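Structure first, commentary second.
Laboratory data are not the source of any read-out in this text; all were calculated from the coordinates shown. All figures in this text were calculated on a predicted structure; none of them were measured in a lab. Here the Cβ positions follow ideal geometry from the backbone for every residue, glycine too, while neighbour counts run over all protein chains shown.
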Amino acid sequence: MTEKSFQDWCIKWARIHGVLVYKVEAIGKRGFPDLVMVAGGRVTFVELKNPNGAGRVSPLQKRTIQELRENGASVYICASREEFETIIAGLAD
């Protein structure tokens, strides 16, 4: 599975489970997580990586994720369907 097909699956899975999800394109800040999801009054960010293990979190992505977390954001790095299903289940709580 490519990262793109994984991303497409994640977006569909989130929507099926009633989660508002946006794929983030360049917003003037490289390194921003791939998905912004909203459910139950909570905003969650997800950085997707290739499920085949080919993707790595860049230093810029690490800094951005750290900045978001330091400001109280929920941010996940996800590289499998199982991990994503767990994230979605947590949003439904």
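Give the percent of DSSP beta bridges with both residues in the chain that are antiparallel, rounded to the nearest 5. List each step's numbers first, then the result.
On the way: 9 of 14 bridges.
Looking only at bridges with both residues in the chain, the antiparallel portion is about 65 percent.
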Exercise. Over the Cα atoms of region 54-93, how large are the radius of gyration and the largest Cα-Cα distance (Dmax), in Å?
Worked result: 11.8, 32
For this session: Kindly give the semi-axes, whole Å and largest first, of the ellipsoid equivalent to the chain, taking each as the square root of 5 times a Cα gyration tensor eigenvalue.
Result: 19, 17, 12
Seminar exercise, completed: Simple SL model, points at 7 angstrom along Cα→Cβ for K29 and W9; separation in nm is 3.0 nm
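For a test of understanding, tell me how many lysine pairs in region 7-74 have Cα atoms under 14 Å apart, given they are 8 or more places apart or on different chains.
Number of lysine pairs found: 4.
Could you work out [θ]222 nm for the chain from helices alone, using -39500 (n - 2.57) per DSSP H run of at least four and dividing by all its residues? Round to the nearest 500 deg cm²/dmol. Numbers along the way, then the final one.
Working: 3 runs with 38 residues, N = 93.
Calculated at 222 nm, the ellipticity per residue is -13000 deg cm²/dmol.
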Problem set entry | Distance between modelled label sites at L20 and K62, nm, 7 Å Cα→Cβ extension | 3.4 nm
